[in-house]
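The values are calculated or read from the model by the stated rules, or taken from the named source; none is laboratory data. A quick note: this is a predicted structure, and the numbers were derived from the prediction, not measured. For neighbour counting, all protein chains shown are included, and Cβ atoms are generated from backbone atoms with ideal geometry for every residue, glycine included. To get the accessible areas, we keep the full protein, side chains included, count just its heavy atoms, and leave off ligands, DNA and RNA. Shrake-Rupley method; radii C 1.70, N 1.55, O 1.52, S 1.80 Å.
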Amino acid sequence: MELNKLSLKMGVKSVKKLLVAFLLSLLTLGLASNGLEGETLRSLAEKLGIYVGFASINNFWVLADGSTYMEVAKREFNILTPENHMKWDSIHPERDRYDFSKAERHVKFALENGMVVHGHTLVWHNQLPPWLNKEWTKEELLQVLEEHIKTVVGYFKGKVKIWDVVNEAVSDAGRYRETIWYKVIGPEYIEKAFIWAREADPDATLIYNDYNIETINPKSNFVYQLVKELKEKGVPIDGVGFQMHIDINGINYESFRNNLKRFADLGLKLYITEMDVRIPKNATQEHLQKQAEIYAKIFEICLENPAVEAIQFWGFTDKYSWVPGFFTGYDHALIFDRDYNPKPAYFAIKQVLAKKLEEKLKGK
Ligand code: G3I
């Protein structure tokens, strides 16, 4: 290569290096001086190419503080799961009647604000309508389930990008949970649900969702074998959802990291679907700081694994969390307080996202 071309190439290279260094110094300066004021969880997530989101509360559009709720939601999040309004009791209240009206409001808000919609859930044993509570033959219940899945997935085709197809099919002991679906149909209801969902919307991402499967334990081992066999049989399962309902004690982080890896090694996408970290009702600053550390650690480990697509909280303000009604003596599980003020956990998560972005820009 002649000298002039070589010097030009060298010149271009050093200009590029200078530019990168200049950009990084701006970014580092900004981040180092905690210059995250202009950033939100959403802006950082989008720069990282991941989703950070929440479960949207029932009827948020008519809440007294609905405008604040929606303002914070669209500022901070790029994915949404309707907390209850896509469950059977809401969306399929009678054998021959579906009611999509409430679910539609969640979907409308999400799509109007550029958010991905995560559907929850096509098959579960809770929040079932009274008409299901009767004696069914296997053939009858299979027909009911197939019709439900194809009707609901078909209705939201192209709008709901991810579906919790089957939720909590495994008991804490690590066996098939004895639900109406399992008892009447047998374990095959699981693979059929995924097959029918794929038929109804070939472009939707289909996942299995459960709680207490975040670390390696008898339950997550059973789920691992289940999804491994589904994949090997060619059942259209795309991912696994780890609900991450945890408390102030945190989890075994090494086990969590290894558990994510083994599921990712199956070629599955991974989702943290319902995260909250409950702390004592009479919370101290120490509790809030410990909660922040737990949230940050979970995000750090998730961001190490490229198979993790999304991290969602089960709500975002303590004001509407399910926790105080279900765990006596616990509360304050989310990242905004009752008055929508960001808590230490919010800032800790933001720092982790910003650090990851800095590493990404440095080409790490
Ligand atoms: O809709 C009725 C309303 O008509 C009635 O007046 C009111 C008082 O009885 O109850 C309302 O139903 C409540 C429903 O939430 C609201 O949609 C149920 O009582 C209540 O039990 C139900 O709780 C939900 C819970 O699932 C049911 O198991 C929580 O909001 C919801 O956050 C929680 O979410 C689950 C996920 O779907 C799956 N993973 C675990 C997670 C926490 O349990």
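What's the carbon and sulfur percent of the chain's accessible surface, probe 1.4 angstrom, rounded to a whole number?
54 percent
Give the angle, between 0 and 90 degrees and rounded to the nearest 10, that separates the Cα long axis of helix 218-232 from the longest principal axis of the Cα atoms of the chain.
Relative to the chain, helix 218-232 is tipped by roughly 90 degrees.
Tilt of helix 188-200 relative to the longest C-alpha principal axis of the chain, in degrees (0 to 90, nearest 10)?
Helix 188-200 sits roughly 60 degrees off the main axis of the chain.
Skipping prolines and chain starts, which residues have an amide H placed within reach, meaning under 5 Å, of the one on Ile279, given they are 5 or more residues away or on another chain?
Close amide H contacts, sequence-distant or interchain: Asp331, Ala333.
So how do 187-193, 241-247 stack up, highest first, on mean other-Cβ count within 10 Å?
Highest-to-lowest ranking by the protection proxy: 241-247, 187-193.
Rolling a 1.4 Å sphere over the protein heavy atoms, what is the accessible area per residue of the chain, to the nearest Å²?
45 Å²
Quick one: if the Förster radius is 56 Å, what FRET efficiency do Lys183 and Leu361 give, using the C-beta to C-beta distance and rounding to 0.05?
That gives a FRET efficiency of 0.55.
Taking only Cα atoms and a 10 Å spring cutoff, compute GNM fluctuations for the chain and point out the largest among Glu139, Glu199, Glu300.
Judging by the Gaussian network model, the answer is Glu139.
What is the spin-label model distance, in nm, from Asn341 to Leu36 if the labels are put 7 Å beyond Cα along the C-beta direction?
1.8 nm
Quick one: what do you get for the range 87-243 if you divide its Cα Rg by 2.2 N^0.38 Å?
For the range 87-243, the normalised Cα radius of gyration comes out at 1.02.
In the range 231-318, what trypsin sites (Lys or Arg not before Pro) fall in a loop by DSSP, with at most 10 other Cβ atoms inside 10 Å?
Hits after loop and neighbour filter: Lys233.
Tabulate in residue order the Karplus-calculated ³J(HN,Hα) for the range 89-101, using 6.51 cos²θ - 1.76 cosθ + 1.60 with θ = phi - 60°, rounded to whole Hz; enter x for Gly and Pro.
Residue by residue, the range 89-101 yields 5, 8, 9, 9, x, 9, 3, 10, 9, 10, 10, 8, 4 Hz.
Cα axis of helix 66-76 to longest principal axis of the chain: angle in degrees, 0 to 90, nearest 10?
50 degrees
Evaluate E = 1/(1 + (r/R0)^6) for Asp99 and Lys297, where r is the Cβ-Cβ distance and R0 equals 35 Å; express this FRET efficiency to the nearest 0.05.
With a Förster radius of 35 Å, E is 0.30.
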